[in-house]
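A short write-up of the structure that comes next.
Throughout, read-outs are computed from the coordinates displayed, never taken from laboratory work. Note that the structure is a prediction, hence the values are computed from the model and not measured. Cβ: placed from backbone, ideal geometry, glycine included. Neighbour counts: every protein chain shown.
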Ligand code: S3P
């Protein structure tokens, strides 16, 4: 599907589960690929980004078998044959597609191997800053050339070598940079330390622990002793809260709605979206919670309520950075002002998400002021349908499809194939939600991710 045509809905009573977590699926492909035996990864996200990472691992010798597949998308249950920490030289450049996470984490892994490799990506990824991983890796002795037209950008030519441990203080709070350095640190002799300026998502540390790799936490510093090899085990990926966020906002903003989202990851470094929506007045309950393979997960019940604007706290920003486009939509649907600042990182995501959000919100009649590091949205103005670009950015496409559910008239989002980057099947869920609105009957949204 290359565009979404969206109409307003009047009710939303449904139950759904979202595909597997993107951050964890990338890490599972890498960590299982390094493990000392076979690992079955369940509920793997069959999105373009994660499949590129899986195939990147295959390019360095990791074999895998698909045990289950989501038709039309790709593997959801995979048996990965870990290489006991020893990878093979790739025979050609490795395609990371659209994925900053894939490229940055792989850069750490590959910088420490005794071979040359090259990572490249699409136009968007080729314009995103890679200096943020090249700098710490160079401090460890790595030799990486950024060969892109834009300075400091991909393709990356990696001349692998033995690295030295380091203590690195990140200038920006980035889980990708932290994970890159920790993955490189696995191959060093001695202790590598990453100091975070603020808490970032901790999936790497948790997955390391699940696979028997010890890290130590001291305040915002993470220490890792090199030479550890992940111990093979199976891993189940919870649903992606960043994908659930679109439906959390839709249900929260629609009075009288009730939505149940099953088996979603509830790692506290990712749940600020729930805190923010609750602050705006949303009624969100965690109805079941459990923990599996080191990651908290549960079922969320969301009931619609009148929303009011809020201010995003600086410490929350890394926790909800990927949700800001859809939070901006919630803000436009709320009464009063919402202030989002300290979020300059949005400018170096798949698109400049400050500009793309501001453009699209304005095209629907939203009132928004743009800042270098964020935006201020004055909600409560009725949104009208419009024809909009996704700019090739999956989260922009999905956030504005949600806005379309609340607009007068029809909304068209163009160029929406990009949603496969993180949420294959989003279009199907969107159609199901819209059908329910005209049907008036409760509609069971198909559970598109089958896992056993
Ligand atoms: C990710 C970390 C975040 C996030 C990205 C996934 C990860 O980026 O925006 O979608 O999996 O580590 P930064 O760590 O660069 O902020």
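Once you put a point 7 Å from the Cα of residue 66 and another 7 Å from the Cα of residue 3, both along the Cβ direction, what distance in nm separates them?
3.1 nm
Provide the gained length on full extension for the span residue 278 to residue 139, in nm with one decimal, where the gain is 0.36 nm per separating residue minus the Cα-Cα distance.
On the way: separation 139, 0.36 × 139 = 50.04 nm, distance 4.24 nm.
Additional length available on full extension: 45.8 nm.
Zone of residue 89 (label point 7 Å along Cα→Cβ, backbone N under 20 Å): which residues in the range 24-62?
Once the point is set 7 Å along Cα→Cβ of residue 89, 56-62 turn out to lie under 20 Å by backbone N, inside the range 24-62.
Between Rg and the Kirkwood Rh of the range 98-164, both from Cα atoms, what is the Rg to Rh ratio? Don't jump to the answer; show the numbers that get you there.
Numbers: Rg = 10.7 Å, Rh = 11.4 Å.
Reported Rg/Rh, Kirkwood definition of Rh: 0.94.
Where both partners of a DSSP beta bridge lie in the range 22-223, what percent of those bridges are antiparallel, to the nearest 5? Provide the component values of the computation, followed by the final result.
Details: 25 of 30 bridges.
Antiparallel bridges make up about 85 percent of those DSSP assigns within the range 22-223.
R0 = 30 Å: FRET efficiency of residue 255 with residue 339, Cβ-based, nearest 0.05? Intermediate results must be reported in sequence, preceding the final value.
Details: r = 24 Å, r/R0 = 0.81.
Efficiency computed from Cβ-Cβ geometry: 0.80.
Ignoring solvent entirely, what values of log10 I(q)/I(0) come out of the Debye formula for the chain at 0.10 Å⁻¹ when each Cα is a single scatterer?
-0.67
Pairs of alpha-carbon atoms within less than 8 angstrom and 6+ residues apart define the contacts here; what relative contact order does the range 176-319 have, in percent? It would help to have the intermediate numbers written out before the result.
On the way: 249 pairs, mean separation 34.9, N = 144.
It comes to 24 percent, rounded to a whole number.
Have a look at the DSSP beta bridges in the range 321-441 and tell me what percent are antiparallel, nearest 5. Write out the running numbers ahead of the final one.
Details: 10 of 14 bridges.
Around 70 percent antiparallel, to the nearest 5.
Do you know the relative contact order of the chain, to the nearest whole percent, from alpha carbon pairs under 8 angstrom that are 6+ apart?
Numbers: 1163 pairs, mean separation 88.9, N = 452.
Once divided by the residue count of the chain, the mean separation gives 20 percent.
In a solvent-free Debye calculation with one equal scatterer on each Cα, what is log10 I(q)/I(0) for the range 258-328 at q = 0.16, 0.19, 0.20, 0.22 Å⁻¹, listed in the order of the q values?
One equal scatterer on each Cα of the range 258-328 leads to -0.58, -0.81, -0.89, -1.04.
Kindly express, to the nearest 10 degrees and within the range 0 to 90, the angle between helix 100-111's C-alpha long axis and the longest C-alpha principal axis of the chain.
The two axes meet at around 10 degrees.
Debye calculation, C-alpha points only, no solvent: report log10 I(q)/I(0) for the range 206-305 at q = 0.16 Å⁻¹, in the same order as the q values.
Taken in order of the listed q values, log10 I(q)/I(0) reads -0.74.
Once you place label points 7 Å from the Cα toward the Cβ at residue 384 and residue 348, how far apart are they in nm?
It is 3.9 nm.
Please report the antiparallel percentage of the DSSP beta bridges confined to the chain, to the nearest 5.
Values: 58 of 76 bridges.
Taking every DSSP beta bridge within the chain, about 75 percent pair in antiparallel fashion.
Which distance in nm do the two modelled labels at residue 150 and residue 288 give, with both placed 7 Å along the Cα-to-Cβ direction?
4.3 nm
Hull surface divided by four, with the convex hull built on the Cα atoms of the range 22-223: how many nm²? Let's see the in-between values first.
Details: hull surface 41.1 nm².
If I average the Cα hull's projected area over directions, I get 10.3 nm².
Treat the count of other C-beta atoms within 10 Å as a stand-in for reagent exposure and order 120, 235 from fewest to most. Don't jump to the answer; show the numbers that get you there.
Details: 120 18, 235 25.
Final ranking by Cβ density, sparse to dense: 120, 235.
Summing -39500 (n - 2.57) over the DSSP H runs of n ≥ 4 in the chain and dividing by its residue number, what mean residue ellipticity at 222 nm do you reach, to the nearest 500 deg cm²/dmol? Numbers along the way, then the final one.
Details: 13 runs with 136 residues, N = 452.
Theoretical 222 nm ellipticity from helices: -9000 deg cm²/dmol.
Give the peptides 10-19, 24-33 in descending order of average Cβ contacts within 10 Å, highest first. Don't jump to the answer; show the numbers that get you there.
Working: 10-19: 21.2, 24-33: 28.6.
Descending mean neighbour count gives 24-33, 10-19.
So for the range 22-223, averaging the separation of alpha carbon pairs under 8 Å that are six or more residues apart and normalising by length, what relative contact order in percent results?
Details: 440 pairs, mean separation 34.6, N = 202.
That works out to 17 percent.
Would you mind getting me the FRET efficiency between residue 127 and residue 359? Use the beta-carbon distance for r and R0 = 22 Å, nearest 0.05.
On the way: r = 18 Å, r/R0 = 0.82.
With a Förster radius of 22 Å, E is 0.75.
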